[in-house]
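The values are calculated or read from the model by the stated rules, or taken from the named source; none is laboratory data. Keep in mind it's a predicted model, so treat the numbers as computed, not measured. Cβ: placed from backbone, ideal geometry, glycine included. Neighbour counts: every protein chain shown.
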Amino acid sequence: MRLALAALVVLVMGCAIAGVGMGEAPAEREPTPTQAQTAAAAQRIAALGPQGRRLFADEGCDRCHSIAAIDADGKLGPRLDILDEDAEDIAESIVDPRDDTADGYPERLMPTDYGQRMNDAEVRALAAFVTAASGGEAEEDDDSRRGRGRGRGRGHGGEG
Amino acid sequence: MRRLLEPARLDPLVLAALALAAACVLVAGLQHARLYHRGYAEVQIVGALFFLNAIGSTAVVLTLILRRAWLFVLGALSVCVPSLVSIAISHSSSGFLGFREGGYDADAMIIVVAEVAAVLLALAGGGAAAAAARARSHA
(Lines give C-alpha, C1' and ligand atoms only; values in the text may rest on other atoms or scores of the structure.)
Protein backbone atom coordinates (compact mmCIF):
# COMPACT_ATOMS: atom_id res chain seq x y z
CA MET A 1 0.00 0.00 0.00
CA ARG A 2 2.72 2.45 1.02
CA LEU A 3 4.81 1.46 -1.95
CA ALA A 4 1.89 2.01 -4.33
CA LEU A 5 1.21 5.42 -2.80
CA ALA A 6 4.88 6.37 -3.05
CA ALA A 7 4.97 5.22 -6.68
CA LEU A 8 1.85 7.30 -7.43
CA VAL A 9 3.37 10.42 -5.85
CA VAL A 10 6.63 9.93 -7.76
CA LEU A 11 4.73 9.35 -11.01
CA VAL A 12 2.48 12.41 -10.67
CA MET A 13 5.24 14.75 -9.49
CA GLY A 14 7.71 13.30 -12.00
CA CYS A 15 5.31 14.11 -14.84
CA ALA A 16 4.72 17.61 -13.46
CA ILE A 17 8.43 18.29 -13.03
CA ALA A 18 9.11 16.99 -16.55
CA GLY A 19 6.38 19.30 -17.84
CA VAL A 20 3.92 16.63 -18.99
CA GLY A 21 0.49 18.25 -19.19
CA MET A 22 1.71 21.45 -17.62
CA GLY A 23 0.98 23.66 -20.63
CA GLU A 24 3.30 26.36 -21.90
CA ALA A 25 4.04 29.98 -21.22
CA PRO A 26 1.61 32.29 -23.08
CA ALA A 27 4.58 34.07 -24.65
CA GLU A 28 5.60 30.85 -26.39
CA ARG A 29 2.44 31.04 -28.51
CA GLU A 30 3.39 34.46 -29.85
CA PRO A 31 5.23 34.85 -33.15
CA THR A 32 8.90 35.74 -32.91
CA PRO A 33 10.45 38.55 -34.97
CA THR A 34 12.47 37.60 -38.03
CA GLN A 35 16.26 37.98 -38.09
CA ALA A 36 15.91 41.10 -40.22
CA GLN A 37 13.42 42.61 -37.77
CA THR A 38 15.72 41.79 -34.87
CA ALA A 39 18.71 43.36 -36.62
CA ALA A 40 16.71 46.49 -37.41
CA ALA A 41 15.51 46.70 -33.81
CA ALA A 42 19.10 46.41 -32.59
CA GLN A 43 20.07 49.35 -34.81
CA ARG A 44 17.20 51.49 -33.53
CA ILE A 45 18.07 50.60 -29.94
CA ALA A 46 21.74 51.49 -30.50
CA ALA A 47 20.74 54.85 -31.95
CA LEU A 48 18.55 55.65 -28.97
CA GLY A 49 21.11 55.97 -26.19
CA PRO A 50 21.65 53.79 -23.15
CA GLN A 51 19.11 55.09 -20.64
CA GLY A 52 16.07 53.12 -21.76
CA ARG A 53 17.98 49.88 -22.10
CA ARG A 54 19.58 50.38 -18.68
CA LEU A 55 16.17 50.99 -17.11
CA PHE A 56 14.79 47.90 -18.85
CA ALA A 57 17.42 45.80 -17.10
CA ASP A 58 17.52 47.69 -13.79
CA GLU A 59 13.76 47.54 -13.29
CA GLY A 60 13.75 43.83 -14.05
CA CYS A 61 11.58 44.09 -17.20
CA ASP A 62 13.76 41.46 -18.87
CA ARG A 63 12.71 38.87 -16.27
CA CYS A 64 9.21 38.79 -17.73
CA HIS A 65 9.39 40.20 -21.26
CA SER A 66 11.23 39.11 -24.40
CA ILE A 67 13.13 41.36 -26.79
CA ALA A 68 15.21 39.30 -29.20
CA ALA A 69 17.49 42.20 -30.13
CA ILE A 70 18.93 42.37 -26.60
CA ASP A 71 18.57 38.66 -25.77
CA ALA A 72 15.87 39.32 -23.20
CA ASP A 73 13.98 36.06 -22.88
CA GLY A 74 11.31 36.53 -20.22
CA LYS A 75 8.14 34.55 -20.79
CA LEU A 76 5.77 35.71 -18.07
CA GLY A 77 4.55 38.75 -19.97
CA PRO A 78 3.95 39.50 -23.66
CA ARG A 79 6.83 39.85 -26.12
CA LEU A 80 7.73 43.50 -26.48
CA ASP A 81 9.45 43.32 -29.87
CA ILE A 82 6.25 42.60 -31.79
CA LEU A 83 4.07 45.26 -30.19
CA ASP A 84 2.05 47.54 -32.40
CA GLU A 85 1.73 50.49 -30.04
CA ASP A 86 3.14 53.99 -29.96
CA ALA A 87 5.38 55.31 -27.20
CA GLU A 88 2.51 57.06 -25.46
CA ASP A 89 0.50 53.84 -25.12
CA ILE A 90 3.58 51.96 -23.95
CA ALA A 91 4.31 54.62 -21.31
CA GLU A 92 0.71 54.26 -20.14
CA SER A 93 1.07 50.49 -19.90
CA ILE A 94 4.25 50.91 -17.83
CA VAL A 95 2.63 53.12 -15.19
CA ASP A 96 -0.83 51.50 -15.31
CA PRO A 97 -0.42 47.88 -16.40
CA ARG A 98 -3.87 46.83 -15.12
CA ASP A 99 -5.62 49.18 -17.54
CA ASP A 100 -5.20 46.96 -20.58
CA THR A 101 -3.76 43.49 -19.90
CA ALA A 102 -2.78 41.40 -22.92
CA ASP A 103 -5.08 38.42 -23.47
CA GLY A 104 -3.90 35.15 -21.97
CA TYR A 105 -1.46 36.71 -19.49
CA PRO A 106 -1.83 36.96 -15.72
CA GLU A 107 -3.67 40.15 -14.87
CA ARG A 108 -1.99 40.99 -11.59
CA LEU A 109 1.58 39.93 -12.21
CA MET A 110 3.11 43.21 -13.34
CA PRO A 111 3.87 45.62 -10.48
CA THR A 112 1.89 48.85 -10.50
CA ASP A 113 4.46 51.11 -8.89
CA TYR A 114 6.71 51.94 -11.85
CA GLY A 115 5.13 55.40 -11.93
CA GLN A 116 6.50 55.94 -8.42
CA ARG A 117 9.84 54.22 -8.95
CA MET A 118 10.68 56.23 -12.08
CA ASN A 119 10.20 59.88 -12.92
CA ASP A 120 8.43 60.95 -16.10
CA ALA A 121 11.64 61.26 -18.09
CA GLU A 122 12.62 57.72 -17.14
CA VAL A 123 9.21 56.34 -18.05
CA ARG A 124 9.47 58.05 -21.43
CA ALA A 125 13.00 56.77 -21.97
CA LEU A 126 11.84 53.24 -21.17
CA ALA A 127 8.81 53.61 -23.45
CA ALA A 128 11.03 54.97 -26.23
CA PHE A 129 13.32 51.97 -25.80
CA VAL A 130 10.43 49.49 -26.04
CA THR A 131 9.03 51.39 -29.01
CA ALA A 132 12.39 51.17 -30.76
CA ALA A 133 12.60 47.46 -29.97
CA SER A 134 9.14 46.84 -31.39
CA GLY A 135 9.65 48.70 -34.63
CA GLY A 136 7.65 51.79 -33.81
CA GLU A 137 9.02 55.25 -33.45
CA ALA A 138 9.16 57.32 -30.33
CA GLU A 139 7.54 60.70 -30.85
CA GLU A 140 10.41 62.49 -29.16
CA ASP A 141 13.54 61.20 -27.50
CA ASP A 142 13.80 61.34 -23.75
CA ASP A 143 16.39 64.15 -23.68
CA SER A 144 14.11 66.60 -25.43
CA ARG A 145 11.38 65.95 -22.89
CA ARG A 146 13.50 65.81 -19.78
CA GLY A 147 13.08 69.45 -18.87
CA ARG A 148 9.31 69.27 -18.64
CA GLY A 149 9.30 67.56 -15.25
CA ARG A 150 6.63 65.46 -13.61
CA GLY A 151 2.90 65.87 -13.50
CA ARG A 152 1.81 65.44 -17.07
CA GLY A 153 -1.37 63.52 -17.72
CA ARG A 154 -0.64 59.90 -18.46
CA GLY A 155 -3.73 59.12 -20.46
CA HIS A 156 -4.25 59.72 -24.14
CA GLY A 157 -3.96 63.35 -25.08
CA GLY A 158 -1.99 64.21 -21.97
CA GLU A 159 0.87 65.69 -23.91
CA GLY A 160 1.66 69.24 -24.08
CA MET B 1 19.08 12.83 14.61
CA ARG B 2 18.25 9.15 15.08
CA ARG B 3 14.68 10.12 15.99
CA LEU B 4 14.35 11.94 12.67
CA LEU B 5 15.16 8.80 10.71
CA GLU B 6 13.18 6.30 12.79
CA PRO B 7 9.69 5.22 11.73
CA ALA B 8 7.23 7.00 14.04
CA ARG B 9 4.16 5.50 15.69
CA LEU B 10 1.35 8.00 15.17
CA ASP B 11 -2.15 8.38 16.58
CA PRO B 12 -4.82 8.35 13.86
CA LEU B 13 -5.63 12.04 14.45
CA VAL B 14 -1.98 13.06 14.20
CA LEU B 15 -1.55 10.94 11.10
CA ALA B 16 -4.60 12.59 9.56
CA ALA B 17 -3.19 16.08 10.25
CA LEU B 18 0.18 15.16 8.78
CA ALA B 19 -1.45 13.47 5.76
CA LEU B 20 -3.42 16.67 5.11
CA ALA B 21 -0.19 18.66 5.46
CA ALA B 22 1.43 16.31 2.93
CA ALA B 23 -1.46 16.86 0.51
CA CYS B 24 -0.97 20.61 0.85
CA VAL B 25 2.78 20.29 0.26
CA LEU B 26 2.01 18.23 -2.83
CA VAL B 27 -0.44 20.82 -4.19
CA ALA B 28 2.09 23.62 -3.67
CA GLY B 29 4.83 21.53 -5.31
CA LEU B 30 2.61 20.74 -8.30
CA GLN B 31 1.74 24.39 -8.68
CA HIS B 32 5.43 25.36 -8.56
CA ALA B 33 6.16 22.77 -11.27
CA ARG B 34 3.28 24.08 -13.39
CA LEU B 35 4.38 27.69 -13.09
CA TYR B 36 7.97 26.69 -13.84
CA HIS B 37 6.83 25.38 -17.21
CA ARG B 38 4.55 28.36 -17.81
CA GLY B 39 7.28 31.00 -17.90
CA TYR B 40 9.09 31.08 -14.56
CA ALA B 41 11.82 28.81 -15.94
CA GLU B 42 13.25 31.86 -17.72
CA VAL B 43 13.51 33.92 -14.52
CA GLN B 44 17.08 33.60 -13.28
CA ILE B 45 17.47 31.80 -9.93
CA VAL B 46 13.74 32.14 -9.14
CA GLY B 47 12.96 29.64 -11.90
CA ALA B 48 15.48 27.17 -10.50
CA LEU B 49 13.98 27.63 -7.03
CA PHE B 50 10.52 26.77 -8.40
CA PHE B 51 12.00 23.60 -9.88
CA LEU B 52 13.74 22.71 -6.62
CA ASN B 53 10.54 23.39 -4.67
CA ALA B 54 8.72 20.79 -6.78
CA ILE B 55 11.48 18.22 -6.25
CA GLY B 56 11.76 19.03 -2.54
CA SER B 57 7.99 18.75 -2.07
CA THR B 58 8.05 15.29 -3.63
CA ALA B 59 10.84 14.16 -1.34
CA VAL B 60 9.09 15.58 1.72
CA VAL B 61 5.82 13.80 0.95
CA LEU B 62 7.71 10.53 0.44
CA THR B 63 9.18 10.81 3.96
CA LEU B 64 5.67 10.70 5.45
CA ILE B 65 4.68 7.76 3.27
CA LEU B 66 7.78 6.01 4.62
CA ARG B 67 6.58 6.87 8.18
CA ARG B 68 9.42 9.29 8.93
CA ALA B 69 7.04 11.76 10.58
CA TRP B 70 9.69 13.98 12.17
CA LEU B 71 11.61 14.22 8.95
CA PHE B 72 8.36 15.11 7.21
CA VAL B 73 7.57 17.91 9.69
CA LEU B 74 11.09 19.31 9.36
CA GLY B 75 11.00 18.98 5.58
CA ALA B 76 7.55 20.55 5.18
CA LEU B 77 8.65 23.56 7.24
CA SER B 78 11.96 23.77 5.35
CA VAL B 79 10.18 23.86 1.98
CA CYS B 80 7.09 25.92 2.79
CA VAL B 81 8.38 28.64 5.13
CA PRO B 82 11.18 29.89 2.82
CA SER B 83 8.75 29.69 -0.11
CA LEU B 84 6.17 31.83 1.72
CA VAL B 85 8.83 34.33 2.76
CA SER B 86 10.11 34.52 -0.83
CA ILE B 87 6.60 35.12 -2.17
CA ALA B 88 6.08 37.91 0.35
CA ILE B 89 9.43 39.52 -0.54
CA SER B 90 8.73 39.26 -4.28
CA HIS B 91 5.56 41.28 -3.71
CA SER B 92 7.45 44.03 -1.89
CA SER B 93 9.02 47.02 -3.62
CA SER B 94 12.53 45.59 -3.18
CA GLY B 95 11.67 42.29 -4.86
CA PHE B 96 13.18 38.84 -4.39
CA LEU B 97 16.56 38.51 -6.14
CA GLY B 98 15.51 41.32 -8.47
CA PHE B 99 12.16 39.71 -9.32
CA ARG B 100 8.99 41.57 -8.40
CA GLU B 101 5.34 40.65 -8.70
CA GLY B 102 2.44 43.06 -8.61
CA GLY B 103 -0.34 41.06 -7.01
CA TYR B 104 -1.66 37.70 -5.92
CA ASP B 105 -3.48 36.00 -8.78
CA ALA B 106 -5.18 32.60 -8.51
CA ASP B 107 -1.92 30.70 -9.11
CA ALA B 108 -0.11 32.54 -6.32
CA MET B 109 -3.08 32.21 -3.96
CA ILE B 110 -3.19 28.44 -4.42
CA ILE B 111 0.46 28.25 -3.36
CA VAL B 112 0.04 30.62 -0.42
CA VAL B 113 -3.07 28.88 0.95
CA ALA B 114 -1.58 25.40 0.47
CA GLU B 115 1.74 26.30 2.10
CA VAL B 116 0.20 28.16 5.04
CA ALA B 117 -2.11 25.18 5.64
CA ALA B 118 0.85 22.78 5.32
CA VAL B 119 2.87 24.74 7.89
CA LEU B 120 -0.02 24.93 10.38
CA LEU B 121 -0.97 21.26 9.98
CA ALA B 122 2.65 20.10 10.19
CA LEU B 123 3.18 22.15 13.36
CA ALA B 124 -0.06 20.88 14.87
CA GLY B 125 0.66 17.29 13.93
CA GLY B 126 4.29 17.51 15.03
CA GLY B 127 3.30 19.11 18.33
CA ALA B 128 0.67 16.48 19.03
CA ALA B 129 3.07 13.69 18.11
CA ALA B 130 5.72 15.14 20.43
CA ALA B 131 3.21 15.38 23.29
CA ALA B 132 2.07 11.79 22.70
CA ALA B 133 5.66 10.54 22.61
CA ARG B 134 6.42 12.38 25.85
CA ALA B 135 3.35 10.87 27.51
CA ARG B 136 4.36 7.40 26.35
CA SER B 137 7.87 7.78 27.72
CA HIS B 138 6.53 8.89 31.14
CA ALA B 139 4.05 6.01 31.32
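Here are some notes:
- Restricting attention to region A:1-55 and to residues that are without any contact (Cβ under 8 Å) to a residue 24 or more places away in the chain and not in a helix (DSSP H, G or I), the residue that is farthest from the other protein chains (Cβ to nearest Cβ) turns out to be A:Thr34.
- Tally, over region B:27-42, of residues that are aliphatic (A, V, I, L, M), at the interface with another protein chain (Cβ under 7 Å from one of its Cβ atoms) and surrounded by fewer than 24 Cβ atoms within 10 Å (Cβ to Cβ): 1
- Only one of the numbered conditions (1) of a type outside the set (Gly, Ala, Ser); (2) at pLDDT 90 or above; (3) not in a loop (DSSP other than H, G, I, E, B) is violated by A:Asp143, and that is (2).
- Single residue of region B:84-139 satisfying the filter (among the acidic types (Asp, Glu) and buried (at least 18 other Cβ atoms within 10 Å of the Cβ)) that is farthest from the other protein chains (Cβ to nearest Cβ): B:Glu115
- Every residue from region A:56-94 that is without any contact (Cβ under 8 Å) to a residue 40 or more places away in the chain, surrounded by fewer than 23 Cβ atoms within 10 Å (Cβ to Cβ), in contact with a strand residue (DSSP E or B) (Cβ under 9 Å, 6 or more places away or on another chain) and assigned to a helix (DSSP H, G or I): A:Ala57, A:Asp62
- Of all residues in region B:5-22, none are buried (at least 17 other Cβ atoms within 10 Å of the Cβ), touching a Leu at 6+ places or on another chain (Cβ under 6 Å) and facing chain A (nearest Cβ under 8 Å).
- Only one of B:Leu66, B:Leu18 that is aliphatic (A, V, I, L, M) and either within 15 Å of the chain's Cα centre (by Cα) or within 24 Å of B:Asp105 (Cα to Cα) (or both): B:Leu18
- Among residues of region A:103-114 that are more than 7 Å from chain B (Cβ to nearest Cβ) and under 11 Å from A:Glu59 (Cα atoms), those with a Cβ under 7 angstrom from a residue that is part of a loop (DSSP other than H, G, I, E, B) and modelled with pLDDT of 90 or more, sequence gap 6+ or separate chain, pair up as A:Tyr114/A:Glu59.
- Candidates in region B:43-57 are the residues that are in contact with a Leu (Cβ under 9 Å, 6 or more places away or on another chain) and closer than 16 Å to B:Ala114 by Cβ; of these, the one that is nearest to the other protein chains (Cβ to nearest Cβ) is B:Ala54.
- Subset of region A:98-124 that is within 14 Å of the chain's Cα centre (by Cα) and assigned to a helix (DSSP H, G or I) - its residue that is surrounded by the fewest Cβ atoms within 10 Å (Cβ to Cβ): A:Tyr114
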